[in-house]
1. Taking the stated definitions as given, is Asp91 of a type in the set (D, E, K, R) and exposed (fewer than 15 other Cβ atoms within 10 Å of the Cβ)?
2. For the subset of the range 132-156 comprising residues that are closer than 21 Å to Phe210 by Cβ, among the aliphatic types (A, V, I, L, M) and without any contact (Cβ under 8 Å) to a residue 40 or more places away in the chain, which member is surrounded by the most Cβ atoms within 10 Å (Cβ to Cβ)?
3. Of the numbered conditions (1) surrounded by fewer than 16 Cβ atoms within 10 Å (Cβ to Cβ); (2) within 19 Å of the chain's Cα centre (by Cα), Leu202 satisfies every one except a single condition; which is it?
4. Taking Ile171, is it closer than 21 Å to Gly56 by Cα and buried (at least 18 other Cβ atoms within 10 Å of the Cβ)?
5. Test Lys64 against the stated conditions and say whether it is surrounded by fewer than 20 Cβ atoms within 10 Å (Cβ to Cβ), of a type in the set (Lys, Arg) and within 30 Å of Asp192 (Cβ to Cβ).
6. So Glu270 passes all but one of these: (1) at pLDDT 90 or above; (2) charged (D, E, K, R); (3) more than 30 Å from Thr73 (Cα to Cα). Which condition number does it fail?
7. For residues that are at pLDDT below 85 and of a type outside the set (A, V, I, L, M), scanning just the range 323-336, find the one that is surrounded by the most Cβ atoms within 10 Å (Cβ to Cβ).
8. What are the residues in the range 124-159 that are polar (S, T, N, Q) and in a loop (DSSP other than H, G, I, E, B), if any?
Amino acid sequence: MAPSGERILEVRDLVKHFPLNQGIVIKRQIGAIKAVDGVSFELHRGETLGVVGESGCGKSTLAKLLMALERPTSGEVKINGVDMAKARGGDLKRMRRNIQMVMQDPYTSLNPRMTVGDIVGEPFEIHSEVAPKGDRRRKVQELLEVVGLNPEHINRYPHQFSGGQRQRIGIARGLALQPEVIICDEPVSALDVSIQAQVMNLLERLQNEFNLAYIFIAHDLSVVRHISDRVAVMYLGKIVELGKDVDIYEKPSHPYTQALLSAVPVPDPEGREQRERIILQGDPPSPADPPSGCRFRTRCWKAQDICAQQEPLLEIRAGGHLSACHFAEAHDVIHA
């Protein structure tokens, strides 16, 4: 769905450093893990922002910061103009109604000792103003029906449902408080490929129906392309490229994005032969000790002296979108 232009979420210079301590009795901080290090972006009503990157790049920490499950070291997370990172008590509780999450694993994110009705209706226990007690069963049944489940199964337990059905239960729980933003933390990665498309189509239908904004976190670039309006590519705690999905996928300008896209399987043999496969050398550096300058330079085939001396800014480069590379060039990608 095309965004309406109304800004709902604004993230500015968001930083989360986890202290590294030494000692058992007397602890001394010897460093910090820079999980998220200066991330900025905006999210508009009806828009989906895909966030991609390899494991350990900071995607899940970013999700926790947006949900206020972690407090940032510095920076702002504004929902409708109010900084959630500074909210406390009742103010934070009210703001959390507007941003909910769909978890990655439908098998571990649902309490096996609770019925589906209790799971989906649990947000009403915390935010009782949304649904009076006498009306909660009806609302839960409506939510189950909205996500394509039988409302008569309200008294069943999670083990009585398949993986795809369990994820629909998680989506119903995320919708309960009528949020404006839903964070989808790899919501289809634990599902069979045949079920992934069904869940993706459900998310798109719900977005159109309720004008939702999504932050869709994933490592599967083909899944992100299917649902996203814009894409942010993360590497070692930073966004290294950000733009419309067509720009990122057809003309990536950052070497890391180019490498990620070159690894996406291409079913067409001719396209596979024409596409250049980029093999990155070495492992990602530790977030506790990132390289100076550009963090990708230790694995980048374009790296020069300036890359070690000066950190590239995330600004408009070749290709017409934001990229953090001194030598960014638009790079055509061949798709099937």
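1. On the way: of a type in the set (D, E, K, R): yes; exposed (fewer than 15 other Cβ atoms within 10 Å of the Cβ): yes.
Against the criterion (of a type in the set (D, E, K, R) and exposed (fewer than 15 other Cβ atoms within 10 Å of the Cβ)), Asp91 qualifies.
2. So, considering only residues that are closer than 21 Å to Phe210 by Cβ, among the aliphatic types (A, V, I, L, M) and without any contact (Cβ under 8 Å) to a residue 40 or more places away in the chain, the one surrounded by the most Cβ atoms within 10 Å (Cβ to Cβ) is Val140.
3. (1)
4. Numbers: closer than 21 Å to Gly56 by Cα: no; buried (at least 18 other Cβ atoms within 10 Å of the Cβ): yes.
Against the criterion (closer than 21 Å to Gly56 by Cα and buried (at least 18 other Cβ atoms within 10 Å of the Cβ)), Ile171 does not qualify.
5. Working: surrounded by fewer than 20 Cβ atoms within 10 Å (Cβ to Cβ): yes; of a type in the set (Lys, Arg): yes; within 30 Å of Asp192 (Cβ to Cβ): yes.
Yes: the conditions hold for Lys64.
6. Glu270 satisfies all of (1) at pLDDT 90 or above; (2) charged (D, E, K, R); (3) more than 30 Å from Thr73 (Cα to Cα) except (1).
7. Among those residues, the one meeting the criterion is His331.
8. To start, the set of residues in the range 124-159 that are polar (S, T, N, Q) comprises 128, 141, 150, 155.
Scanning the range 124-159 gives Ser128, Asn150, Asn155.
The values are calculated or read from the model by the stated rules, or taken from the named source; none is laboratory data. Just so it is clear, the model here is predicted, and its values are computed rather than measured. In this analysis, Cβ positions are derived from the backbone assuming ideal geometry, glycine residues included, and neighbour counts consider all displayed protein chains.
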